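The values are calculated or read from the model by the stated rules, or taken from the named source; none is laboratory data. If you're wondering where the values come from, they're calculated on a predicted model, not measured in any experiment. Cβ atoms come from the backbone with ideal geometry, glycine included; neighbour counts cover every protein chain shown. Heads up: the accessible areas ignore ligands, DNA and RNA and are worked out on the full protein's heavy atoms, side chains in. Shrake-Rupley method; radii C 1.70, N 1.55, O 1.52, S 1.80 Å.
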Amino acid sequence: MAISLLKNTISLKLDTNKIPNENRKPSSLGFSLLEMLMVISIVGVFSSLFIINFRSSSTNTTARHQVSSIIVSNIRNIQSMALSGTQFNGQIVCGYGIHYLSQTNYLIYTRQPDGAGNCTGNVNYSNNSPTLNVNQYTIGNSSMIIRWSPNNSNPNVSKDDIFFQPPDPKVFIDNKDLSNNSSYVATIDVVLNGQNCPSTNCTTITIYKSGKIDVTN
């Protein structure tokens, strides 16, 4: 009887511990509504900045690739015309070249043979005969510029002409026959306006004596 009474007393005591006490302090381990709103706001600001930066970077990369692809396409085209001996306006010519005009413009040109019908002499672009203008191109993105084989630190000086002469076609850069200047290459940089190569916003087109064209980012 005594043992039974003791068990009932212990059971009653345990049950009373489960009764909620309105005077107990609320737990301080959780977050208040204000704290949650502040955290959400901070996360939202950083997410917006990340998305804007990512979109801007993606847009710049796409623009550089588009501009460089057009330039490479034009170079391959004049290579092909020189290889096939394509005439210009019904005239036999000595090959085709590409000439830097400005940070946003370049020119495709060709050269006529001399009076004896020979393709000798300077193959660089000239405003005088025997140079003939084939086509002028403007890069189609105002945020991009081109930097063309600079021989010094001034980006506004004349740049190296790239010329292809049949039948190989033989490659000339700044009137240098690359078959005799194997280490010489031509580079064209497509870069975000206001920046220089090398940078994360630069694409470089490299032309070798074999006519091979590399594009690096």
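In the stretch 167-211, what residues are touching an Asp or Glu at 6+ places or on another chain (Cβ under 9 Å), touching a residue at least 60 places away in the same chain (Cβ under 8 Å) and part of a loop (DSSP other than H, G, I, E, B)?
Scanning the stretch 167-211 gives a single hit, GLY211.
Could you run through the stretch 55-99 and say how many residues are open to solvent by less than 20 Å² (accessible area, probe 1.4 Å) and either in a strand (DSSP E or B) or touching a helix residue (DSSP H, G or I) at 6+ places or on another chain (Cβ under 6 Å) (or both)?
4
Determine whether THR104 is among the polar types (S, T, N, Q), open to solvent by less than 30 Å² (accessible area, probe 1.4 Å) and touching a residue at least 24 places away in the same chain (Cβ under 8 Å).
Answer is no for this residue.
For the stretch 200-214, name all the residues that are open to solvent by 40 Å² or more (accessible area, probe 1.4 Å), more than 15 Å from ASP168 (Cβ to Cβ) and either in contact with a helix residue (DSSP H, G or I) (Cβ under 6 Å, 6 or more places away or on another chain) or polar (S, T, N, Q) (or both).
The answer is THR200, and nothing else.
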